[in-house]
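Just so you know, all these numbers are worked out from the coordinates, no wet-lab data involved. These numbers come from a predicted model, not from an experiment. Cβ placement follows ideal geometry from the backbone for every residue including glycine, while neighbour counts extend to all protein chains displayed.
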Amino acid sequence: MKTLKNITALLTILSVIFTVNLNASNINFTDEAYINDIPFNTERIYDEIMLERNVSTFEFEDESYINDIPFDTKCISTDCRYNKAIATDFSLEEEAYINDIPFNTACIAANCLYLKALEVDFSFDEEFYIDDIPFNTSQTKLQNAYNTAIQIVYNFNEEDYIDDIPVEIYTTLKRIESMELVLLKKANR
């Protein structure tokens, strides 16, 4: 709207200046005689074309204020200024060290955190018994103790050569391994 008013005002001023210039000049234009060289009515033809095209004239009213910006522009400008202020590099003189705290702040902070943790009351609900172990733990414990005892007495882990172990002990170890395999198969069923 504002642009339209500005353009209209500018054209008016230019036409006034042009008219004043023509009146001030020495050139005299003679009026031309009317020449009726168009054998039809142009206005009527224009109206017929417009009716055929179904072109209707639109009259625009001044728009009312529409609050269609979904954010606060003042807030955004404040954020922009804040970001510019942060981006500025301030050169400050370095202060001299002053040892005016007569205690260890790290130690006091740790002690404070420890005391706060002690104040928290942890209350746990009692858990239900869940039978989710698919094997007999006491039997497994005995089996492990037996295996450990055999390995400690005869040192199976440290020897490189097997031929010096008596056949009974070697057979016992193989029986234990086969028993473990049987137990694992039972547990997996």
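Here are the numbers for this structure:
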item: Point-to-point label distance, Ile86-Ala109, nm (Cα→Cβ direction, 7 Å offset); result: 2.2
item: Whichever lysines have a C-alpha closer than 26 Å to that of Lys2, once near sequence neighbours (fewer than 8 apart) are set aside; result: Lys74
item: All-pairs alpha carbon distance profile, segment 3-100, 10 Å steps from 0, percent; result: 9, 11, 15, 20, 12, 10, 10, 6, 3, 3, 1
item: Length gained when the stretch Arg175-Thr78 is fully extended (0.36 nm per residue, less Cα-Cα span); result: 26.8 nm
item: Length released on extending from Ile66 to Asn99, taking residue separation times 0.36 nm less the Cα-Cα span; result: 5.7 nm
item: Loop-located GluC sites (Glu not before Pro) in segment 43-91, at most 13 other Cβ atoms within 10 Å (DSSP); result: Glu59, Glu61, Glu63
item: Virtual spin-label span in nm between Asp132 and Arg53, 7 Å along Cα→Cβ; result: 8.0
item: Sites Ala33 and Ile7, calculated FRET efficiency, Cβ-Cβ separation with R0 35 Å, nearest 0.05; result: 0.50
item: Computed E for Leu184/Ser123 - FRET, C-beta separation, R0 30 angstrom, nearest 0.05; result: 0.15
item: Virtual spin-label span in nm between Thr140 and Ser15, 7 Å along Cα→Cβ; result: 10.3
